[in-house]
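Visitor: Below: one structure in structure tokens.
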Amino acid sequence: MDKLTVRDADVTGKRVFVRVDFNVPLEDGKVTDDSRIRASLPTIRYLLSQGARVVLASHLGRPDGKVQDGLRLRPVAERLTMLLGRNVPVTGDALGAGTVDAVNRLRNGEALLLENLRFHAEEETDDPEFAQQLADYAEVYVNDAFGTAHRAHASTVGVAKILPAYAGFLMEREIAMLSRLLEDPARPFAAIVGGAKVSGKLKVLDNLVSKVDVLVLGGGMANTFLLAQGKSVGKSLAEHDMVDEARRVLTAAEKAKVQVILPVDVVVAKEVTRGTEYKTIPAEKIPASWHIVDLGVETLGLIQDALAEAKTVFWNGPLGVFEIPSFAHGTKAIARYLAARADDGATVVVGGGDSVAAIQQQGLAERFTHISTGGGASLEFLEGRELPGVAVLRDRPAESPAKGGSKRRRKAQPTTAGTGRGRRA
Ligand code: ADP
Ligand code: MG
């Protein structure tokens with residue numbers, strides 16, 4: 001998959017509609033984590049430096065088609081203004097005469113931010129008229145919102161069908177890093193999949209089983225696999241209706257000669273709460289009234305041995321109930337181990353909201369090769385599906401090399417949101 005990027009577009013003096021993912025956490029009207037804003041700075045800075053007139057657009061939260069004052073983008077515009085060192089005003093509404101005016105008044109090298117797109121229900125239904133109104137703001141379309149690329153909305157697909165559509169630098173990097181996992185991973189290639197439920201991860205497991213050399217299963221999800229192995233899991237989170245599917249994944253892995261690591265010892269707790277009683281026991285001996293909440297040390301050792309030679313690792317999903325400090329040990333230990341493997345030169349890519357949070361909590365993000373900004377989008381990508389917001393972007397014609405040199409030799413644009421050092425990009 002090779003998409004044209006902002007570098008290939010002629011943007012000087014043009015109005016450029018840029019779909020960004022500024023869906024950031026807010027508290028008391030302040031942005032509490034600006035990594036998504038920082039992640040799009042390279043694209044925004046590039047466009048401004050080229051003398052484009054930049055119309056930024058994003059959603060924030062789930063206002064479901066109604067104006068919600070708590071979900072206005074003003075705090076985001078303020079943070080962006082600070083980070084860019086130049087004023088980025090926010091419009092009162094994504095549509096309307098005032099907004100049309102503000103867009104028309106933009107001069108070369110200036111940017112504004114449209115108000116929350118999801119204040120209009122037409123955004124999520126990809127209403128053609130709404131898309132046309134957004135497209136009328138600009139001559140060129142750029143998508144840098146990888147985190148929303150799995151949604152076919154007006155700003156991710158509708159507008160991109162009307163205007164010539166290019167990938168931003170963040171989008172480019174996400175596609176490059178994730179497609180390399182599927183197409184050309186350095187081997188051995190290991191995947192660690194954890195998190196809450198098998199049902200949400202089944203398609204990605206199906207696809208990864210045919211690609212990886214090592215598959216580590218942990219978190220609540222692994223409990224269903226323990227059931228598939230004929231073990232009992234007590235009161236642990238498990239999906240009894242998914243046991244056959246889990247067995248199918250294990251059979252596929254065996255056929256493909258994939259080394260599968262399942263927990264051999266676990267931490268069990270009386271309740272899934274802070275301050276409860278807990279202990280480490282073999283996975284064969286889960287008492288009926290206890291909950292599995294983390295991996296045991298023996299399992300951690302097995303995982304580290306299995307990953308010791310890996311040249312590529314993908315990780316999604318915490319390996320225990322990491323929100324409770326006593327049950328975060330396994331997740332934290334793997335995060336530290338993977339950071340060290342990345343230091344040694346392995347390609348280590350992480351996707352998924354909670355796994356990324358676990359890494360950021362420990363301040364390890366910078367050491368990873370790539371931390372995807374899209375939780376759901378990265379999983380859908382690794383399921384092998386083409387994301388609608390990616391599909392709609394212009395493909396690079398087969399014979400034309402990228403502007404500024406061949407694609408292989410080109411250096412990755414630096415991104416700042418803990419998206420790694422890109423040293424092998
Ligand atoms: P990600 O966001 O990284 O894709 P998920 O959303 O799939 O991850 O899963 C994260 C959740 O899984 C966390 O809230 C964590 O508490 C939960 N979890 C992990 N292990 C267990 C377990 N053994 N029992 C119950 N919940 C678990
Ligand atoms: Mg999650």
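We did not get these values from a lab; they are worked out from the coordinates using the rules stated. Values in this document were obtained by computation on a predicted structure and should not be read as measured data. Please note: Cβ atoms are built from the backbone with ideal geometry, for glycine as well, and neighbour counts cover all protein chains shown.
Visitor: For the range 121-214, take N as its residue count and report Rg(C-alpha) divided by 2.2 N^0.38 Å.
Guide: 1.40
Visitor: Once Rh is set to the Kirkwood radius over Cα pairs, what Stokes-Einstein translational diffusion coefficient, in µm²/s, holds for the range 247-290 at a temperature of 10 °C and a viscosity of 1.306 mPa s?
Guide: So the translational diffusion coefficient is about 126 µm²/s.
Visitor: Quick check: residue separation of VAL264 and ALA308 times 0.36 nm, minus the Cα distance between them. What number comes out in nm?
Guide: 14.0 nm
Visitor: At q = 0.13, 0.15, 0.21 Å⁻¹, work out log10 I(q)/I(0) for the range 313-406 with the Debye formula, treating every Cα as an identical point scatterer and leaving solvent out; two decimals please.
Guide: Values returned for q = 0.13, 0.15, 0.21 Å⁻¹ are -0.56, -0.68, -1.00.
Visitor: Per the Kirkwood definition applied to all pairs of different Cα atoms, how many angstroms is the hydrodynamic radius of the range 156-207?
Guide: It is 14.0 Å.
Visitor: I need the fraction of alpha carbon pairs in the range 216-281 separated by more than 17 Å, rounded to a whole percent.
Guide: 44 percent
Visitor: Residue separation times 0.36 nm, minus the C-alpha to C-alpha distance between ALA186 and ALA121: what's the value?
Guide: The ALA186-ALA121 span can extend by a further 19.0 nm.
Visitor: Dividing the Cα convex hull volume of the range 180-321 by residue count, how many Å³ per residue is that?
Guide: 99 Å³
Visitor: Hey, what did the chain get for relative contact order, percent, Cα under 8 Å, at least 6 apart?
Guide: 17 percent
Visitor: 222 nm [θ] for the chain, helices only, -39500 (n - 2.57) per DSSP H run of 4+, per residue, to 500?
Guide: Value at 222 nm, helices only: -9500 deg cm²/dmol.
Visitor: Right, here's the next one. Contour minus end-to-end for ASP33 and GLU366, with contour as 0.36 nm per residue of separation and end-to-end as the Cα-Cα distance?
Guide: 118.3 nm
Visitor: Dividing the alpha-carbon Rg of the range 156-258 by 2.2 N^0.38 Å yields what?
Guide: 1.37
Visitor: Enumerate the amide H contacts of VAL142 below 5 Å, restricted to partners 5 or more residues apart or on another chain; note that Pro and chain-start residues carry no placed amide H.
Guide: PHE17, VAL18, ARG19, TYR166
Visitor: Taking the Cα atoms of the chain alone, what are Rg (to one decimal) and Dmax (as a whole number) in Å?
Guide: Rg then Dmax for the chain, in Å: 22.7, 70.
Visitor: Bins of 10 Å, beginning at zero and ending with the bin holding the largest distance: percent of Cα pairs per bin for the range 9-136, please.
Guide: Pairs per bin, as whole percents: 13, 46, 34, 6, 0.
Visitor: Percentage of Cα-Cα pair distances in the range 73-189 greater than 17 Å, rounded to whole percent?
Guide: Tail fraction, whole percent: 64.
Visitor: Which of the aspartates and glutamates could be linked to LYS279 by a straight reach, that is with a Cα gap under 13 Å, when you skip same-chain ones fewer than 8 residues away?
Guide: Here the aspartates and glutamates satisfying the reach criterion relative to LYS279 are ASP265, GLU271, ASP294.
Visitor: Could you tell me what fraction of 2.2 N^0.38 Å the Cα radius of gyration of the range 304-344 comes to, as a two-decimal ratio?
Guide: Ratio of Cα Rg to 2.2 N^0.38 Å: 1.22.
Visitor: Then there's this: Could you give the nm distance between label points at GLU110 and ASP395, where each point is 7 Å from its Cα heading toward the beta carbon?
Guide: 4.0 nm
Visitor: P(r) tail for the range 240-342, what percent of Cα pairs lie past 17 Å?
Guide: When all Cα pairs of the range 240-342 are counted, 60 percent exceed 17 Å.
Visitor: I'd like the distance separating the alpha-carbon centroids of the range 84-157 and the range 338-393, in whole Å.
Guide: Their Cα centres are 27 Å away from one another.
Visitor: Using only the Cα atoms, what convex hull volume per residue in Å³ does the range 34-101 have?
Guide: 98 Å³
Visitor: Further, regarding this structure: Hey, with R₀ at 35 Å, roughly what FRET efficiency would MET82 and ARG274 work out to, going by the Cβ-Cβ distance, to 0.05?
Guide: 0.45
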